[in-house]
Each structure stands twice: as C-alpha cells, then as structure tokens.
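The values are calculated or read from the model by the stated rules, or taken from the named source; none is laboratory data. Everything quoted here is computed from the prediction, not taken from an experiment. In this analysis, Cβ positions are derived from the backbone assuming ideal geometry, glycine residues included, and neighbour counts consider all displayed protein chains. SASA here: full protein model, heavy atoms, side chains in, ligands and nucleic acids out. Shrake-Rupley method; radii C 1.70, N 1.55, O 1.52, S 1.80 Å.
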Amino acid sequence: MLRSVILAAARSDRVERLVGTAPVSRDVVRRYVAGAALDDALKTSRELVSSGLAVSLDYLGEDTTSPEQAATTKQAYLDLLGALSAEGLCPPVEVSIKLSALGQLFDEKLAYRYAREICQAATNAGTTVTVDMEDHTTTDSTLELLMQLRKDFPDTGAVLQAYLRRTEADCRELAGAGSRVRLCKGAYDEPESVAFQAKLDVDRSYVRCLNILMAGEGRPMVATHDPRMVAIAEDRAKWFDRSPDSFEFQMLYGIRPDEQRRLIADGYTMRVYLPYGVQWYGYLMRRLAERPANLAFFLRSLGSR
Ligand code: FAD
C-alpha cells in the first residue's frame, strides 16, 4: 500500500515541485546519487573504480516530453563518454540509458537514433551501454529497439524485470551467446494482470529467470540487494560451472556497500549503478518505495540542510 502511494507520488508533477523546492538535505540525495554535474559523476566513478568496483553511470532523467530535452540527454551521454574515455575509465565504467529520456514516448525513431549515437560513442570509448527497463507499457518497444541496436552493437545490455509474468520467456529469448542481461526484480507499480504482486512470487520468478540465464551462454548481470538472491546466484554459478568473469553482480550506489566489498573480495565482478544529474526525484522516490523505512529518514531531512 505505502509502496503504491510512494510510486504514485514518483509520477506526480505536483509532489515533485513540492519536494524539489523543499530544502531537502543534500545528504539524502547524495546517499543514492553522485551529484548534479559531470564532474561529480567522474569523481565518484574514480573513487569506486579505485576500490575495485565496476560502474554503470546513469544520467538522470525519464519520460522526456520534448525533442530539445531528448537532445540534451543524448549530448550529456556523449560528453560523459568523451570524458570517461579521456580519463581512461572505459572499462570498467559503462553507461545505462533510459529510452524514455531519449524521446521514446513521443518519437520512437528519434529515441533509437539517439541511442545509436550513444552506443557508437561507447564503442569508440571502449565500453558498453545497458538499456534500462521502465514500466510495462514500454517493454515491447524497448526490447524491439534493443534488438535493432544489437545488430550493430551486439554487446548492448538488456534489462529484464522478474516481477513481470512474461520475463521467463524473455530470458529464454535473450540467454544466447554474446547477450548481456541484467536481471532485476522491477521497480514500478504494475497491475496484477502483467506482474506478480507478492514478494514471494517475485522472488520465485527471479530464481527461475536466474536459472535460465545462468544455464545460458550469455553474461548474466545479477542486479539485486537481496541476500537470498545473491546466495542463490553464487550457488547457481557453481552448479553451472561458470567462471567468476562470465557473470557479474550489480547493486545501486549507496545500498549495501559492505556486501559490495565482500563480493569483490570473493573474486566476483561487482558493478555499481551510479546516477548523476539534477533530475533525481523519480529515481529517489523508487528507492524510497523499495524500502519505506528510508521514508522516515527522508521526511526528517525536509527542512534541514
Ligand atoms: P528487495 O526484495 O527489494 O530488497 C532486498 C533487500 O535489499 C532489502 O531487505 C534491503 O535489505 C535491501 N534494499 C533493497 N532496496 C533498498 C533500498 N532502497 N535502500 C536500502 N536497502 C535496500 N528496476 C527496473 O524496473 N528497471 C531497471 O532498469 C533497473 N535497473 C537496476 C539496476 C541495478 C544495478 C539494480 C541493483 C537495480 C535496478 N532496478 C531496476 C531496481 C530493481 O528492480 C529493484 O527495484 C531494486 O533492486 C530492489 O530489489 P532487490 O532485488 O534489491 O530486492
């Protein structure tokens, strides 16, 4: 219930204006976001890389409604990739993109064209792009555009959400050689007709999907903070005789940093999803919905600096 309320607020312009203009403590946002500027993204990336982590950088923004905004987002990624390359950070730093931030909701062709430009810049820089997955109304379009991108940029990563009933079948489609698939539980408020609602059902689906990806020939990217899912992934990797460099764990910046360090110490690749930019509102609200206990921390910070 609380999760649905927070996710509804995540989509509300009115609440965004209210929260966005409140003097929210920098610490709350900084817990999950590198900062507003490109330099913040570079600085935090350098720190994470020097502690042994891989990174996927996300320029914050979604549900873009104007071609100008989409062009600005595309240019931000081109600037980012140029700077990462100049600093010798590619790899282990890659980028994650949201097609809705590139215009998918009003012009799919434009979003595809911009995504291609970003993939080309990533290839030139020596790194990869992963295409985030958004709410279920965009899944078909996103997978379709991803397949197009993979014709010329075969290492473009997909994201599949275990809460969707369709995802087991999508995992089978995408488990082939050369494919990179990030498996997450899913962060949006989805109807029962398309998504499992109970945590237990989502977790069971996650394990079924993980089995398919681990048994396949692609590179599974196990994106979860759930200790049980992490343990099951470690177990399945052994069962399917996977070397630690044939798959990776992924977590969000600011969540379970001790466990991130533990996984590196045990010889795994651990990639941190690191957002930056001024449009932190939707991202932060989804993180609060995942853990309503964080809401008290957030509300206390309203009004404090
Ligand atoms: P949960 O069952 O939600 O949590 C398990 C445990 O993890 C909790 O008990 C708690 O200890 C800890 N935890 C979880 N969330 C938090 C938090 N916010 N703060 C503190 N502790 C927490 N979703 C999409 O829909 N599309 C995407 O493209 C996408 N990309 C992602 C990329 C990465 C690298 C990751 C890690 C997640 C991504 N997600 C994405 C979000 C994902 O779908 C989940 O909403 C999120 O990861 C929480 O699920 P969980 O697997 O951690 O398990």
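Listing for the model above:
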read-out: Estimated D of the stretch 212-261 in µm² per second, where Rh is the Kirkwood radius over Cα pairs and Stokes-Einstein applies at 4 °C, 1.567 mPa s; value: 114 µm²/s
read-out: Contour minus Cα-Cα distance for residue 65 and residue 291 (0.36 nm per residue); value: 78.4 nm
read-out: Efficiency of FRET from Cβ geometry, residue 78 and residue 51, R₀ 22 Å, rounded to 0.05; value: 0.20
read-out: Residues of type lysines that residue 151 reaches as a straight line, Cα spacing below 29 Å, ignoring anything fewer than 8 places off in the same chain; value: 74, 98, 109, 185
read-out: The stretch 28-281: equivalent-ellipsoid semi-axes (sqrt of 5 x gyration tensor eigenvalues, Cα, Å); value: 26, 22, 18
read-out: Simple label model, 7 Å out from Cα along Cβ direction - residue 239 to residue 140, nm; value: 3.4 nm
read-out: Helix-only mean residue ellipticity at 222 nm for the chain, each DSSP H run of n ≥ 4 adding -39500 (n - 2.57), per residue, nearest 500; value: -16000 deg cm²/dmol
read-out: Where the stretch 28-281 is the region considered: accessible area per residue in Å², 1.4 Å probe; value: 41 Å²
read-out: At 0.890 mPa s and 25 °C, Stokes D of the stretch 164-299 from Kirkwood alpha-carbon radius, µm² per second; value: 153 µm²/s
read-out: Relative contact order [Cα under 8 Å, 6+ residues apart], the chain, whole percent; value: 26 percent
read-out: Alpha carbon Rg of the stretch 54-103, scaled by the compact-globule rule 2.2 N^0.38 Å; value: 1.18
read-out: Anisotropy class of the stretch 10-144 from Cα gyration tensor, a/c 1.5 cut; value: oblate
read-out: Carbon plus sulfur fraction of accessible area for the chain, probe 1.4 Å, in percent; value: 53 percent
